[in-house]
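Structure, as C-alpha cells:
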Amino acid sequence: MSVHVAKNARELLLKEYRGALATHSKAMPGFPFGSVVPYCLDAEGRPLILISRIAQHTHNLQKDPKCSLLVGEREADDVQAVGRLTYLAEAEKLEDEEAIAAAAERYYRYFPDSANYHKAHDFDFWVLKPVRHRYIGGFGAIHWVDQLTLANPFAGKAELSMIEHMNSDHTKAIAHYVELAGLSTSEPAQLAGIDSEGMHLRIGQGLHWLPFAATCNTPTQVREALVFLAHAEQWPKKSTTQA
C-alpha cells in the first residue's frame, strides 16, 4: 500500500467533520447501533467527539469500547464512486482535567455552540483510538490502512496563536482563501484550526478543510503558505513536502 492511500484516507477524515458511529448495542445484544456524530481531530490526529452520558451510543461504549466511524464524501451524486473510510477504533473517555481542557479548547473552535450544552448538560469528550482502517477511494480502489493518523505539530499555543492572528488581522486574506476555494458564503469565514497539511475554515455552521500545496512542519512554513495563498489567483496543486 502506498503512502498516497493513507494520505488520501487521512484527508477524507480531515475534511468531513461528521460520521456514522457504529457501536455494539447494550439494549439489543448482537446488533450494531448506528448514530451520527460530529468530530474534529485531536492533537494526535484522532477523532474527538462530545457525547451525552444519557445517549444510547455512550451506554454502548461504556460496555464495549470497540466501535467504528464511517466517513464519506458529502454531497456525492454516486456514493459508491467516491471516497469513504471505515475507521475501526476503541473509544476512550477523557478523564484527565488537562486533557479535557485541551479538548474543549479545540472542539469549541470547530463547534462553538457545543460549549453551551456541554456546560449545561452531562456531556463528555471521547477520543477514538485507531485500530485499523478500511479505505475505498472509488470503484476497485479498496485498501486496509494500518497507519493513518498524523499528529498535529502545531496543536496547543502555536496553533491558537496563528488562528487568533489570522482572524484578528487578516480577514481579507481569509476571504480570499474562500474565494479561491470556490466556497459560496454570505457570512464571514474564520480559521478554526491549522494542521501540517492544511487549514480548517468555519463559515457559519459549516466547516471546510483547505489543503496546503505542500506539507508544513513549522509555523514559518505555515506563514509562508498563507502569504502565498493570499496572493494566489488559483488554488495551487499539491507538490512535494517542504524541507
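Mind giving me the nanometre distance, one decimal, between the label points for residue 235 and residue 134, set 7 Å out from Cα along Cα→Cβ?
It is 2.9 nm.
Using a 1.4 Å probe on the protein chains only, how many percent of the accessible area of segment 100-243 belongs to carbon and sulfur? Don't skip to the end; give the middle numbers.
Working: 4130 of 7730 Å².
Heavy-atom surface of segment 100-243 belonging to carbon and sulfur, 1.4 Å probe: 53 percent.
Whole number in Å², please: accessible area per residue of the chain, 1.4 Å probe, ligands, DNA and RNA not counted.
About 54 Å² of surface per residue is accessible.
Of all accessible surface on segment 2-57 at a 1.4 Å probe, what whole percent is carbon and sulfur? Walk me through the numbers on the way to the answer.
Numbers: 1660 of 2630 Å².
Ligands and nucleic acids excluded, carbon and sulfur reach 63 percent.
For segment 52-177, just say rounded, prolate or oblate: build the C-alpha gyration tensor, square-root its eigenvalues into a ≥ b ≥ c, call rounded for a/c under 1.5, and beyond that prolate if a/b exceeds b/c, oblate if not.
Because a/c hits 1.5 or more and a/b fails to exceed b/c, segment 52-177 counts as oblate.
Under a no-solvent Debye model with one identical scatterer per Cα of the chain, what's log10 I(q)/I(0) at q = 0.08, 0.12, 0.15, 0.17 Å⁻¹?
Relative scattering, expressed as log10 I(q)/I(0), comes to -0.31, -0.72, -1.12, -1.40.
Cα-Cα over 25 Å: which of 63/129; 66/119; 15/119; 63/157?
66/119; 15/119; 63/157
Would you pull out the residues with amide H under 5 Å of residue 194's amide H, same chain only if 5 or more places away, H placed 1.01 Å from N?
Answer set, sorted by chain and number: 200.
The values are calculated or read from the model by the stated rules, or taken from the named source; none is laboratory data. Note that the structure is a prediction, hence the values are computed from the model and not measured. Reconstructed Cβ throughout: ideal geometry from the backbone, glycine too, with neighbour counts over all protein chains shown. Ligands, DNA and RNA are stripped out before the accessible areas are found, and what is left, the full protein with its side chains, is counted by its heavy atoms. Shrake-Rupley method; radii C 1.70, N 1.55, O 1.52, S 1.80 Å.
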